[in-house]
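To keep things clear, I will list the structure first and then write my remarks on it.
The values are calculated or read from the model by the stated rules, or taken from the named source; none is laboratory data. Remember, predicted model here, so these are calculated numbers, not experimental data. Virtual Cβ from ideal backbone geometry, glycine too; neighbours counted across all protein chains shown. For accessibility, only protein heavy atoms count, side chains too; no ligands or nucleic acids. Shrake-Rupley method; radii C 1.70, N 1.55, O 1.52, S 1.80 Å.
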Amino acid sequence: MAASAADRTRAAELRQALEYHNWRYYVLDAPEIPDAEYDRLLRELQDLEALHPELQTADSPTRRVGAPPLAQFAQVAHRTPMLSLNNAFSDEEVAAFDRRVREGSGLAEIEYAVEPKFDGLAVGLTYENGCFVQGATRGDGYTGEDVTGNLLTVRAIPMHLQGEDVPRRLEVRGEVLMLKRDFDALNAAQRTRGEKEFVNPRNAAAGSLRQLDSRITASRRLSFFAYGIGAWDDANPPATHAGVLAKLAAWRLPVNPERRVVTGVAGLLAYYRDMGAKRTALPFDIDGVVYKVNDLALQDRLGFVARAPRFAIAHKFPAQEEMTVVEDIEVQVGRTGALTPVARLKPVFVGGVTVTNATLHNQDEIDRKDVRVGDTVIVRRAGDVIPEVVAVVPSRRPHPSPQRYVILERHPVCPVCGSRVVREPGEAVARCTGGLYCPAQRKQALLHFASRRAMDIEGLGEKLVDQLVDQGLVGNPSDLYRLTPRDLAELERMGEKSAANLSASLKHSKHTTLARFIFALGIRNVGEATARDLASHFGSLDALMSADVERLVQVRDVGPVVAQSIVDFFLERHNRTVIQALRDAGVTWPEGPPTDLAGGALAGKTLVLTGTLPGMSRDEAKAKIEAAGGKVAGSVSKKTDYVVAGSDAGSKLTKAQELGLTIVDETGLLALLDGKRQ
Ligand code: IVH
């Protein structure tokens, strides 16, 4: 069937695109698209050319293995070409490969040497009389770049081969790569230096090896695994690929321990699944496994077709990186109130599942990657790890360019509860200040509230809290105290006995201490020890609630950041409402004089409030007195030091007059608070 005009246009487009991406990948070390996308484009062109051979051109990327080498390095002609492997993406394609090998060999069953497909870059290392003399990259497969000086800095590569019968001349083929932990460390260092981070370990390895200054290469930790040979000038080389690798290992070349010898398709697929399960736990990235006919004589007989051997194939894993479009950016409110920006993606199959969301972590990450709505991005999902946006593909940004995304501009208030959102200076995350009121934070807050060192509500675990919140029975901690044994008994996995037990422990928890109660509130930055210090410093909750930053920083170990968290927490009306509801439900604790306020203006004094003060509520007056070290009593006695009387004062005032106590009005109280004796 002759190619249509549309086929011709498409083939030309594909050649152009593949050449462009070849250049980005091989020459610049800065690929724009994930490998999976490249593979697909290449496959599409291969299929088109297979269907219409007249579309093949002499310069088609399907005829080439890589791109021309960089001009700056000396060129090395490979004595044996460094070819590439065909890929299999399914069990059927593996079975077809095995069938071709069996048919080509006339054997009923084939033995294979199997190994990981390292995600790095191929090099050939030449040893003469056991000495490392030259190292080259693959380049276009026939001519590579001389990177001897750089490879000398890779410590895994031996400078001398040790042991028996080392050939006069040996070319080892293998993969240079960067271990995941070295990659993480390198990127952390790049971040602190304010330099650009690498997208993945493969790019980092390539960028590090192809440095004209080998001191830079030396400063990066590169690794190497040998997986074959290019030349072996020896009378009797081993008979199998496994034998070759064993020899290389014996001469102290690094050979990967995950290699095996298996038989038939079943053996191949079992290895594939085994490595697939191990993939994320391995210290280096692999993008599949490689199957090679073990018998070297048979390898020779099978030979090559076009760019790849007939005796070997790469069985690829589902790609961990794919490309898709950011349709929107939303924020999710986590259990600690942190607003996490999430990219809503055009669905894409990556890492074995369809991904529609990817985390953007926080504002700094959005800024660093400059992700905007409408951008085409590379998405990564490795194992069970949450999918993330790795990078934007700049050439695919829409015109006109979309706006930068700033969380605080889009979300000045929490999208879940409407409370203010704040981002403290020096903090990476923006947070909802809704605390106990915010449903997103509710479950976590409830679990914390009920925990052993807080209110110690025995039997209130995660499963129950999930049910209570999901069924709308509990919105905030005070609702817990409204639950009847019958409400509880109706919950899943709740017998009458455990309902009664929980009911009892709820009741029991109402009698607590101020320190536990403060800790239970879940104020940011207020742990158990700080809660204890606050309780003894202020003596009462009201005194704590009305304290400003200046007063709070007087508490041991409380700095401006903690003080501000406390002020913010009590400033939020919702939090005050919940606290009042808890008190109304009967949660109590003994309040004492503030121990650390012995020097306060009203230290050791007992005051009684009666009537209405013109300028402050009774609670405010009480808080002020307590903050100054005084105690507020409910009734007048001989021990009362001052009676504060407002309008409509009743029997307490009469009694105070009878006892001859000092009576002051609001102005008098303010003077007392200022340290003036009456
Ligand atoms: S054997 C004639 N074994 O995959 C084929 N290659 O597409 C020689 N690779 O350029 C390659 N791990 O960079 C072989 N265990 C392995 C490999 C491996 C990774 C890379 C290598 C090569 C590409 C082939």
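So, Val94, is that one under 19 Å from Gln299 (Cα atoms), within 15 Å of the ligand (Cβ to nearest atom), touching a residue at least 12 places away in the same chain (Cβ under 8 Å) and out of contact with any Gly (no Cβ under 7 Å at 6 or more places or on another chain) or not? So Val94 fails the test. Among the residues of segment 469-491, some residue qualifies, meaning at least one is of a type in the set (Asp, Glu), part of a loop (DSSP other than H, G, I, E, B), surrounded by fewer than 20 Cβ atoms within 10 Å (Cβ to Cβ) and on the phi < 0 side of the Ramachandran plot.
Would you pick out the residues in segment 640-676 that are closer than 13 Å to Lys605 by Cα and in contact (Cβ under 8 Å) with a residue 40 or more places away in the chain? Passing the criteria: Leu669, Leu672, Leu673, Gly675.
Please tell me if Val555 is over 35 Å from the mean Cα position of the chain (by Cα) and closer than 18 Å to Arg524 by Cα.
On the way: over 35 Å from the mean Cα position of the chain (by Cα): yes; closer than 18 Å to Arg524 by Cα: yes.
Considered against the rule, which asks whether it is over 35 Å from the mean Cα position of the chain (by Cα) and closer than 18 Å to Arg524 by Cα, Val555 comes out as yes.
Candidates in segment 112-138 are the residues that are outside any strand (DSSP E or B) and within 16 Å of the ligand (Cβ to nearest atom); of these, the one that is surrounded by the fewest Cβ atoms within 10 Å (Cβ to Cβ) is Asp119.
Please go through segment 140-156 and give me each residue that is modelled with pLDDT under 90, open to solvent by 10 Å² or more (accessible area, probe 1.4 Å) and within 16 Å of the ligand (Cβ to nearest atom), ordered by number. Hits for segment 140-156 are Asp140, Ala156. Note on segment 161-181: residues that are in contact with a strand residue (DSSP E or B) (Cβ under 9 Å, 6 or more places away or on another chain) and under 30 Å from Arg279 (Cα atoms) total 9.
Those helices (runs of 4 or more DSSP H) of segment 139-240 in which at least 1 residues are closer than 22 Å to Asp287 by Cβ, considering only elements entirely within it, cover 180-192, 201-209.
Scan segment 292-312 for residues that are open to solvent by less than 20 Å² (accessible area, probe 1.4 Å) and under 11 Å from Asn86 (Cβ atoms) and the total you get is 3.
Asn86 passes every criterion in (1) open to solvent by less than 50 Å² (accessible area, probe 1.4 Å); (2) within 12 Å of the ligand (Cβ to nearest atom); (3) of a type outside the set (Ser, Thr, Tyr) apart from (1).
Residue pairs whose Cβ atoms lie under 8 Å apart, separated by 6 or more positions or on different chains, with the first residue in segment 219-245 and in contact (Cβ under 8 Å) with a residue 24 or more places away in the chain and of a type in the set (Asp, Glu) and the second more than 13 Å from the ligand (Cβ to nearest atom) and open to solvent by 20 Å² or more (accessible area, probe 1.4 Å), are Asp233/Arg168; Asp233/Arg169; Asp234/Asp165; Asp234/Arg168.
Table: residues versus (1) of a type in the set (Phe, Trp, Tyr); (2) modelled with pLDDT of 90 or more; (3) open to solvent by less than 50 Å² (accessible area, probe 1.4 Å).
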{"site": "Gln56", "(1), (2), (3)": "no, no, no"}
{"site": "Val65", "(1), (2), (3)": "no, no, yes"}
{"site": "Ala71", "(1), (2), (3)": "no, no, no"}
{"site": "His78", "(1), (2), (3)": "no, yes, yes"}
{"site": "Phe97", "(1), (2), (3)": "yes, yes, yes"}
{"site": "Arg100", "(1), (2), (3)": "no, yes, no"}
{"site": "Ile110", "(1), (2), (3)": "no, yes, yes"}
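Among the residues of segment 530-553, is any of a type in the set (Phe, Trp, Tyr), touching a residue at least 40 places away in the same chain (Cβ under 8 Å) and open to solvent by 10 Å² or more (accessible area, probe 1.4 Å)? Scanning segment 530-553, I find no residue that is of a type in the set (Phe, Trp, Tyr), touching a residue at least 40 places away in the same chain (Cβ under 8 Å) and open to solvent by 10 Å² or more (accessible area, probe 1.4 Å), so the answer is no. Annotation note: Cβ proximity below 7 Å between a residue of segment 277-290 that is under 12 Å from Pro318 (Cα atoms) and in contact (Cβ under 8 Å) with a residue 24 or more places away in the chain and a residue that is crowded, with 22+ Cβ neighbours inside 10 Å and among the aromatic types (Phe, Trp, Tyr) (sequence gap 6+ or interchain) occurs for Ile286/Phe118; Val289/Tyr271. Restricting Thr324, Thr354, Thr359 to those that are under 27 Å from Ile407 (Cβ atoms) and buried (at least 18 other Cβ atoms within 10 Å of the Cβ) reduces the list to Thr324.
Filtered by the rule that a residue be open to solvent by less than 60 Å² (accessible area, probe 1.4 Å) and away from the ligand (no atom under 16 Å from the Cβ), segment 244-269 gives Trp251, Gly264, Val265, Gly267, Leu269. Go through (1) part of a helix (DSSP H, G or I); (2) surrounded by fewer than 15 Cβ atoms within 10 Å (Cβ to Cβ); (3) at pLDDT 90 or above one by one and return the number of the condition Arg452 breaks. The failed condition is (1). Only a single item in (1) surrounded by 22 or more Cβ atoms within 10 Å (Cβ to Cβ); (2) in contact (Cβ under 8 Å) with a residue 40 or more places away in the chain; (3) under 17 Å from Gly334 (Cα atoms) is not met by Val379, and it is number (3).
Among the residues of segment 282-324, those identified as within 11 Å of the ligand (Cβ to nearest atom), part of a strand (DSSP E or B) and within 19 Å of Asn203 (Cβ to Cβ) are Ile286, Asp287, Gly288, Lys316.
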